[in-house]
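**Q** One structure coming up, written as C-alpha cells, with questions to follow.
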Ligand code: F6R
C-alpha cells in the first residue's frame, strides 16, 4: 500500500481528486466507487470544482455506492442514496440514473444483493473506489469478525456503529436501522484502485492496524494490504501511531521528487 501523510483534509481531497482525474483522463467511461460519511467530503468538493471548471467530466460514468441502511424511508435525508445525491451526484455531471447502490428496501434482499454484485460486474467493475474507515477498522459496513472475502450481503449493524450514527437520527438510537446492505470485502477488493481517507486522532488505532498490523477479521480494512493498487491518505493526527511514519514520509518525498 502507498501511504501519504498530508497536512490536512483539503490536501487529501485534492490528492485523491488528482488520482480520480487521471483515471478519467485515461478512460472517460470509468466507474467511480463512492462512500458516504465525512471522510470523502473534501474529495467531493475538489471533484465538483474540477467539473465546474471543465477539467473533469462524469458524463459517461457510473457511480457505485458501498452500502445502504435496510428499511429506511426513501426520502430520509440519511438514506445513503440521498446522501450521495446531495454531497456529490447533484454537484457533478453524472447521470442520476447511473448512480447505483445496494437496495435496502427490496422485497427480496438476498436476491437484491446478488444483483448488485452482478451489476457492478456487468458495468465493467469499479475503476477507483473511495473509502473511509471506522475507528474499529470497518470499511463499508464490514464490521469486525466478518468474512474477509465476502460479497455484497445483508449485515447486522454493531451497537457501536448504531451509537456512532445516532447523531444523524435525532440522537435517538431506536431510530437507527439495525441492518444494512453492504458491498463485501471481496467485492471492494475487486476495484482496480482503492483510495482510503482517514483523518483525526480517533482513527489512529485503525490506521496503525490497517498499515502495520496483521491481516485479521478483527480489523477488516487490513485486507487492503493484499490489494495491488491501494493508497491510504492520512493527516498527522491519524498517522500518530504509525511506527514507520518517517519511512513513509521518505518514500512519499521520493515519489514526489
Ligand atoms: C461509508 C461507509 C463507512 C465510513 C466509515 C467512516 O459508506 O461505509 O465505512 O466510511 O464509517 O466514516 P466517516 O468518514 O464519517 O468517519
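**Q** What is the calculated FRET efficiency for residue 60 to residue 118, with r their C-beta to C-beta distance and R₀ = 22 Å, to the nearest 0.05?
**A** 0.60
**Q** What's the extension gain from residue 73 to residue 158 if we count 0.36 nm per residue and subtract their Cα-Cα distance?
**A** On the way: separation 85, 0.36 × 85 = 30.60 nm, distance 2.06 nm.
Extending this stretch completely gives an extra 28.5 nm.
**Q** For a label point 7 Å from the Cα of residue 179 along Cα→C-beta, name the residues of the stretch 54-76 whose backbone N is under 18 Å from it.
**A** Only 67-74 fall inside the zone, counting backbone N under 18 Å.
**Q** Students often check this: by mean Cβ neighbours within 10 Å, which of 33-40, 136-143 ranks highest, and how do the rest follow?
**A** Peptide ranking by packing, descending: 136-143, 33-40.
**Q** I'd like to know how the stretch 163-257 sits against the 2.2 N^0.38 Å rule of thumb: what's its Cα Rg over that expected value?
**A** With N residues counted in the stretch 163-257, Rg over 2.2 N^0.38 Å equals 1.30.
**Q** Could you work out how far the C-alpha centroid of the stretch 29-98 sits from that of the stretch 184-248, in angstrom?
**A** If you average the Cα positions of each part, the centres end up 23 Å apart.
**Q** Just to be sure I understand: with springs between alpha-carbon atoms less than 10 Å apart, which residue in 166, 46, 11 has the highest mean-square fluctuation in the Gaussian network model of the chain?
**A** Of 166, 46, 11, the Gaussian network model singles out 166 as fluctuating most.
**Q** Based only on Cα atoms, what mean projected area does the convex hull of the stretch 55-125 have, in nm²?
**A** Computed as one quarter of the Cα hull surface, the answer is 5.1 nm².
**Q** Subtract the Cα-Cα distance of residue 2 and residue 14 from 0.36 nm times their separation in residues, and report this length gain in nm to one decimal. Mind showing how you got there, number by number?
**A** Working: separation 12, 0.36 × 12 = 4.32 nm, distance 1.64 nm.
Full extension from residue 2 to residue 14 adds 2.7 nm.
**Q** Based on C-alpha coordinates, I'd like the Rg and Dmax of the stretch 1-99, in Å.
**A** Reported Rg and Dmax, both Å: 13.8, 39.
**Q** Moving to a separate point now. Taking just the alpha carbons, could you work out the radius of gyration and Dmax for the stretch 2-256, both in angstroms?
**A** In order Rg, Dmax, the Cα atoms of the stretch 2-256 give 17.3, 53 Å.
**Q** Given the Cα-Cα distance of residue 38 and residue 226 and 0.36 nm per residue of separation, how much length would full extension add, in nm? Before the final figure, lay out each step's value.
**A** On the way: separation 188, 0.36 × 188 = 67.68 nm, distance 2.56 nm.
Taking 0.36 nm per residue and subtracting the Cα distance, the gain is 65.1 nm.
**Q** I've got another one for you. Could you give me the radius of gyration and the Dmax of the stretch 30-148, taking only the C-alpha atoms into account and expressing both in angstrom?
**A** 14.4, 44
Where a number appears in this text, it was derived from the coordinates with a stated rule and is not lab data. Model, not experiment: these values are computed from the prediction. Note that we place each Cβ from the backbone using ideal geometry, even for glycine, and neighbour counts take in every protein chain shown.
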